[in-house]
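Contents: one structure, followed by commentary.
Bear in mind that the values in this text are calculations on the coordinates, not laboratory data. Source: prediction; values computed, not measured. Positions of Cβ are generated from backbone atoms using ideal geometry, with glycine treated the same way; all protein chains shown enter the neighbour counts.
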Amino acid sequence: MIPFPLPGCVVTGTVQIDKTLVVDAHTTAVIGFCPTCQHHATRVHSRYLRTPRDLPVLTQHVQLRLLVRRFFCDQPACPRRTFAEGLPELLPRKAQRTTRLTATLHDIGAEVGGTGGAALAGRLRIRTSPDTIVRILRCHACAPLPTPRVLGVDDFALQKGRVYGTILVDIERAAPIDLLPDRRPETLAAWLQDHPGVDIITRDRSTEFTRGATDGAPAAIQVADRGTCSPICVRPSSACCSGACRTLHVGLRLRSLTTNHQAPPESSRSVVRHGSGPRAKRGASSGRVASKRSRS
Ligand SMILES: [Zn+2]
């Protein structure tokens, strides 16, 4: 008996190997569903072991040894001959970690970043690496971000004195959400038209941003202020539930922009530090965002 559930499986035994609790289990479903044609199948092709890691128990690492089946798909029109049975609640196909372990690593990484997250996970008896946490955050960052109600607009330097872009900040969540490749009013207006729902826009007094905000979101209230976004762009992300993810999302966009302008590419790990670590506190103006990132 183990003190946690294994959805879709029944436990057949446990064994202690060094500091790892190994849990033997097998699946309980009678039939499988082909991922290609979605038809059920009952004819078993073979059985094999999967050995994903799971959340730790007290001071022990946990590894599963799941006996899963491969089924024949007997649908004549289906191009797939065989398929492995799925465990949608517990374990994605081909994954080496359970869904709940991946979710935990994501939450840790979103709070403290890749390097800090790996160190914290180690103290929690979860074996991982900074790169793994960054990969998990990057997958999550691909999801579209919600349109902010209060939007901050400011410029930043892609190449200081030569090329400037526009940074967009969710003021209420205190998190950067997107970067635009220039500061032309047409670009800002197009972004606002693609993201309806902005009620308030805070910006500096440049005519470009004024025109872009007016054309893109004519119903929004505009608040003119100098350096509105700067303290937020460099503020630690603790106020945001997924601050590192948002910063990473923006960081990936920044990398594509800097690549287009032939600036040195930055590592994704440095982007996570920027939004959540102490380095984030040091940049004081939005014009220094790009240079700070490239140095970190
Ligand atoms: Zn099929």
Checking the conditions here, which among R93, R70 is among the basic types (K, R), assigned to a loop (DSSP other than H, G, I, E, B) and within 16 Å of the ligand (Cβ to nearest atom)? R93
Select from the stretch 2-14 the residues that are small (G, A, S), assigned to a strand (DSSP E or B) and within 16 Å of L90 (Cβ to Cβ) and list them in ascending order. none
With the checklist (1) crowded, with 18+ Cβ neighbours inside 10 Å; (2) without any contact (Cβ under 8 Å) to a residue 40 or more places away in the chain; (3) in contact with a strand residue (DSSP E or B) (Cβ under 7 Å, 6 or more places away or on another chain) in hand, flag the one item F156 doesn't pass. (2)
Subset of the stretch 1-25, residues surrounded by fewer than 17 Cβ atoms within 10 Å (Cβ to Cβ) and closer than 18 Å to E85 by Cβ, comes to P7, V10, V11, T12, D24
Applying the selection to the stretch 30-64, what residues are closer than 30 Å to Q75 by Cβ and more than 16 Å from the ligand (Cβ to nearest atom)? V30, S46, R47, Y48, L49, R50, P52
Residue among I126, I136, I201, I177 that is part of a loop (DSSP other than H, G, I, E, B) and not basic (K, R): I126
